[in-house]
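*Asks:* Before I ask anything, here is the structure I am working with.
The values are calculated or read from the model by the stated rules, or taken from the named source; none is laboratory data. Quantities reported herein were computed from a predicted structural model and do not represent experimental measurements. Every residue, glycine as well, gets a Cβ built from its backbone with ideal geometry; the counts of neighbours run over all protein chains shown.
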Amino acid sequence: MSNTQQLNDLTTQVRRDIIRMVHKVNSGHPGGSLGCAEFFVALFKSIMERKEGFDMDGTNEDIFFLSNGHISPVYYSVLARSGYFPVNELNTFRLINSRLQGHPTTHEGLPGIRIASGSLGQGMSVALGAAQTKTLNKDPHLVYSLHGDGELQEGQNWEAIMYAAGNKVDNIICTIDLNGQQIDGSTDDVLPMGSIRAKFEAFGWTVIDIENGNDIDAILSGMAEAKSKTGQGKPVCVLLKTIMGNGVDFMMHTHAWHGKAPNDEQLAIGLAQNAETLGDY
């Protein structure tokens, strides 16, 4: 699937999935999930080279690691709508004994999940190990990962960022969701990080900017550029500028919906703004 209209239609349906999943159990993280909907759709439906089915080794295909695991609603929705498991299983989000826990875990055996990522700051380390494994196995495919901007306040990231460049890991594309928000406020208020581009460049990375991270065509173009920079002896970082809560007007431009569920009235408003395109679960 690469037609822009098809990808946009799927994105709209994914947004419906996100707010319905979080509303049903009155818990979860809708804001960051909505902000990354276009990225996940573009990644799984157009950018990555994927095999049929799922296995943990992920040989001879591109693989993805979600580091900021709290945005599991968007991850689960896109995995289900990419054929990894039945779409109607989204109805079990965050329920006891469900495979779709609030933060993804591997021991649930859910296809598509390669890392338990509730604790922030660890995903890049794992993705780098997978990338080096592909190099050792002479597998030419890429490793993709996604990280929150607030998550970069965790120190383990910077060990990994230094390690990646020092070891010339050049088959990885790490994307940073730059929405400027985290659980307690804006990233500038909680702990200002200055220029993330300058920091990654100082650590020896190639950096690509996607200024409109909520536009499918911009994502496809930016990620194609990022892919063209792999294999050149340097890891690649994509700075994806998104709007938290994108697509649901009252959730946008605020950290308030980082981890809060909509009530019945708010759900109705959100659904009215995102027409059913591919069928609700």
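*Asks:* Residues being touching a residue at least 40 places away in the same chain (Cβ under 8 Å) and outside any loop (DSSP other than H, G, I, E, B): count how many of those fall in the stretch 114-128.
*Replies:* So the count comes out to 5.
*Asks:* Of all residues in the stretch 158-180 being under 22 Å from His29 (Cα atoms) and touching a Gly at 6+ places or on another chain (Cβ under 7 Å), which is modelled with the lowest pLDDT?
*Replies:* Checked the stretch 158-180; the qualifying residue modelled with the lowest pLDDT is Asn179.
*Asks:* Can you tell me which residues in the stretch 1-28 are buried (at least 16 other Cβ atoms within 10 Å of the Cβ), under 27 Å from Ser98 (Cβ atoms) and among the hydrophobic types (A, V, I, L, M, F, W, C)?
*Replies:* Correct list: Leu10, Val14, Ile18, Ile19, Met21, Val22.
*Asks:* Looking for whichever is in contact (Cβ under 8 Å) with a residue 40 or more places away in the chain and either more than 19 Å from Ile19 (Cα to Cα) or not polar (S, T, N, Q) (or both) here; the options are Arg94, Arg50, Arg99. Which one fits?
*Replies:* Of the residues listed, the single one that is in contact (Cβ under 8 Å) with a residue 40 or more places away in the chain and either more than 19 Å from Ile19 (Cα to Cα) or not polar (S, T, N, Q) (or both) is Arg94.
*Asks:* Give the residue, chosen from Gly31, Gly58, that is assigned to a loop (DSSP other than H, G, I, E, B) and either modelled with pLDDT under 95 or surrounded by 19 or more Cβ atoms within 10 Å (Cβ to Cβ) (or both).
*Replies:* Answer to the selection: Gly58.
*Asks:* List every residue pair whose Cβ atoms lie under 9 Å apart, where the two residues are 6 or more positions apart in sequence or sit on different chains, the first residue falls within the stretch 253-272 and is within 28 Å of Thr187 (Cα to Cα), and the second residue, located anywhere, is at pLDDT 95 or above and among the hydroxyl-bearing types (Ser, Thr, Tyr).
*Replies:* Gly259/Ser27; Lys260/Ser27; Ala261/Ser27
Here's the yes/no breakdown for (1) touching a Ser or Thr at 6+ places or on another chain (Cβ under 8 Å); (2) surrounded by 15 or more Cβ atoms within 10 Å (Cβ to Cβ); (3) at pLDDT below 95:
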{"site": "Ile243", "(1), (2), (3)": "no, yes, no"}
{"site": "Asp249", "(1), (2), (3)": "no, no, no"}
{"site": "His255", "(1), (2), (3)": "yes, yes, yes"}
{"site": "Ala261", "(1), (2), (3)": "yes, yes, no"}
{"site": "Glu265", "(1), (2), (3)": "no, no, no"}
{"site": "Ala272", "(1), (2), (3)": "no, no, no"}
{"site": "Ala275", "(1), (2), (3)": "yes, no, no"}
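*Asks:* So, of the residues in the stretch 83-138 that are basic (Lys, Arg) and crowded, with 18+ Cβ neighbours inside 10 Å, which turns out to be nearest to the chain's Cα centre (by Cα)?
*Replies:* Only one residue tops the list, namely Arg114.
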